[in-house]
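Structure first, commentary second.
Every number here is computed from the coordinates shown, using simple stated rules; none is lab data. Bear in mind that the values here come from a model prediction, so they are computed numbers and not experimental data. Every residue, glycine among them, receives a Cβ derived from its backbone with ideal geometry; neighbour counts consider all protein chains shown.
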Amino acid sequence: MLQVIRNYAKELKNIDREVLVIAVYSTTILLYAMFMRRTHFILPRDVFMERLLVVGTLYGISPFVILLAFRRTPRDYGIALGNPKVWLKDVVFFYLIFLVILFIAFKFTNLKNIYPLYRKATQGMEYFFLYQMIQLWYMIGWEFFFRGFMLFGMERSFGRMSVLVQAIAFGLAHFRKPQLEAYGAVIAGVFLGLIALRARSFLPCIILHYLILLTADVMGILM
């Protein structure tokens, strides 16, 4: 029995400690976010908006515990401006592609009945802008978690294969979304990961992902 434990302990020593911690920690946080019930911290009367604020903060702030534990700089996890000359072109290019995809999807599927996810956003501009502000906060935390913390944290050991690791987790995190969107999230996760690596920053992923969501919300109202 003790020999078996020793053998497994030796195997664990062969795994990069930081990658091991990131894998376990990120999986735990994702599961917690999926199973999290209603909270009463900020907006107790608005379950949806409360969830965006709490989960967005969890995604965006909690990884700094790992950053400090392994004495990494913010740049090591993609918190940097990167190379705007590279990623601005990427953002425009992929946004135009997603714009066409969104138009087709909203025209021929029921997505127009799903977006905006916050239904009150259709009741007035004040609700719409409040929702967009909170959604942006959520998106900053979301993108840092996948395209900053997971992607760059694992890149040192996995190289570009870290793109696939975070894309799988990103796709699974969409399991409650419409089926077509969930499948598409895996592919989108790959390209968002590549954009972040090319830019050496997760900033363009925030911009691109938020623009896509904003466009979906507007289409949901207008179409």
For helix 2-13, report the angle its Cα long axis makes with the longest principal axis of the Cα atoms of the chain; keep it between 0 and 90° and round to the nearest 10°.
60 degrees
Whole-Hz ³J(HN,Hα) from phi, Karplus 6.51 cos²θ - 1.76 cosθ + 1.60, for segment 76-82, glycine and proline x
4, 10, x, 8, 6, 5, x
Lys/Arg Cβ at +1, Asp/Glu Cβ at -1, dipole of the chain taken about the Cα centre: which of ILE22, VAL165, ASN7 is farthest positive-ward?
ASN7
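Sum up the charges of everything whose Cβ sits under 10 Å from the Cβ of VAL19, counting Lys and Arg as +1 and Asp and Glu as -1, but leave VAL19 out.
Counting the neighbours of VAL19, the net charge comes to -1.
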Once each part is reduced to its C-alpha centroid, what is the distance from segment 75-104 to segment 119-150 in angstrom?
18 Å
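Assuming a viscosity of 1.306 mPa s and a temperature of 10 °C, what translational diffusion coefficient in µm² per second does Stokes-Einstein assign to segment 16-222, Rh being the Kirkwood radius over Cα pairs?
The Stokes-Einstein estimate is 90 µm²/s.
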Compute the angle between helix 17-35 and the longest alpha-carbon principal axis of the chain, please, reported from 0 to 90 degrees and rounded to the nearest 10.
40 degrees
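Give me the net charge of MET154's neighbourhood, meaning all other residues with Cβ under 13 Å from the Cβ of MET154; Lys, Arg count +1, Asp, Glu -1.
+1
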Env charge @ VAL47, Cβ radius under 11 Å, K,R +1 / D,E -1, value +2
Charges on Cβ only, +1 for Lys and Arg, -1 for Asp and Glu, centred on the Cα centroid of segment 70-170; of THR109, GLY141, PRO74, which one is farthest towards the dipole's positive end?
PRO74
Scan segment 121-223 for trypsin sites (Lys or Arg not before Pro) in coil per DSSP, keeping those whose Cβ has at most 10 other Cβ atoms within 10 Å, and list them by number.
ARG176
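Among SER26, SER157, SER62, rank each residue by its count of other Cβ atoms within 10 Å, from fewest to most, as a rough exposure measure.
SER157, SER62, SER26
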Starting from the Cα-Cα distance between LYS112 and ASN14, subtract it from 0.36 nm times their residue separation and give me the gain in nm to one decimal.
30.3 nm
In degrees, nearest ten, helix 203-222 long axis to first principal axis of the chain (Cα):
30 degrees
